[in-house]
1. Sorted from fewest to most neighbouring beta carbons within 10 Å, what does the list D141, D76 look like?
2. Counting only other residues whose beta carbon sits under 10 Å from that of G79, what net charge do I get with K and R as +1, D and E as -1?
3. By how many degrees, 0 to 90 and rounded to 10, does the Cα axis of helix 193-205 deviate from the longest principal axis of the chain?
4. Cut-off is 10 Å between beta-carbons; in what order do V100, V38 appear when sorted fewest neighbours first?
5. With a 10 Å radius around each residue's Cβ, average the other Cβ atoms per peptide and rank 111-117, 90-96, 142-148, highest first.
6. Taking K and R as +1 and D and E as -1, what net charge do the other residues with C-beta under 10 Å from the C-beta of L106 add up to?
7. Helix 32-42 sits at what angle to the longest principal axis of the chain, using alpha carbons and giving 0 to 90 degrees rounded to 10?
8. Convert 20 °C to kelvin, take the viscosity as 1.002 mPa s, use the Kirkwood radius over C-alpha pairs of the chain as Rh, and evaluate the Stokes-Einstein diffusion coefficient in µm²/s, rounded to a whole number.
Amino acid sequence: MLSRLASMALAAFAALSLWYGGSAAWSDASALQARWLVNAWRDGSGPVFSPTLWREARDDLQAALQTAPGNAQLLDDLGFLYAARAQGLGSPAAGSAALVLQQSLLADAVVSYRAAASLRPTFPYSWAYLALAKQLRGERDAEFWLAFDKALHYGHAEAGVQPALAQVAFADWPALSAERQNLITRMVAAAPEAPRKRLLALAAQSGVTLPGL
């Protein structure tokens, strides 16, 4: 009897595993083109941005998430799409429709990055871009500082995370505690020569001078 129950339990587990794996595979396949496009735009390559391409990529990612709502990478990619389009609007005039759209896009980016970070709490990219999206919205609240600290803790040595961390830190440099300033300074100092120069250029653009660098 026990062996029969165990066999039934294993069969049920196998079925669930196959369903989950099939769902995840299907969501990845259905979003393959969108993910390729997002990665190309992240790298500054790929086709020229257009509202049509953006909408198609967003719709594909949203559809894939309906199949696999716990896919953190899809959420990160969706967050990138929202944030990139928001930043592409520049600095809209106060009270303008463009500003309303920008704030709405950034709010969507925050929701996506927050969900991704909750699924992968030690993955620094989601935390870094959550902090950046909140900063662009003017939300320097407890969640903003938590995201910044998590990104700094887990991603201080990650070349792909450092520019986002630097952008956030230098834009709010006077508000950073001495400990946070010291950690950012050490991050820049420890970076290889070429990335360090880029980080120092970001500091200079914000009028920040790092001691000893």
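Values quoted throughout were computed directly from the atomic coordinates according to the rules given, and no laboratory measurement underlies them. Quick caveat: nothing in here was measured; it's all calculated off a predicted structure. Cβ sites come from the backbone with ideal geometry, for glycine too, and all protein chains shown count toward neighbours.
1. Details: D141 9, D76 23.
Arranged by neighbour count, lowest to highest, D141, D76 become D141, D76.
2. On the way: positive: R114; negative: D76, D77, D108.
Net charge around G79: -2.
3. Result, in degrees: 60.
4. Working: V100 11, V38 25.
Going from least to most buried by this count: V100, V38.
5. Details: 111-117: 23.3, 90-96: 9.0, 142-148: 18.1.
Packing proxy ranking, top to bottom: 111-117, 142-148, 90-96.
6. Details: positive: R85, K134, R137; negative: D108, E139.
Neighbour charge sum, excluding L106 itself: +1.
7. The two axes meet at around 10 degrees.
8. Details: Rh = 19.1 Å.
It diffuses with D of about 112 µm²/s by this estimate.
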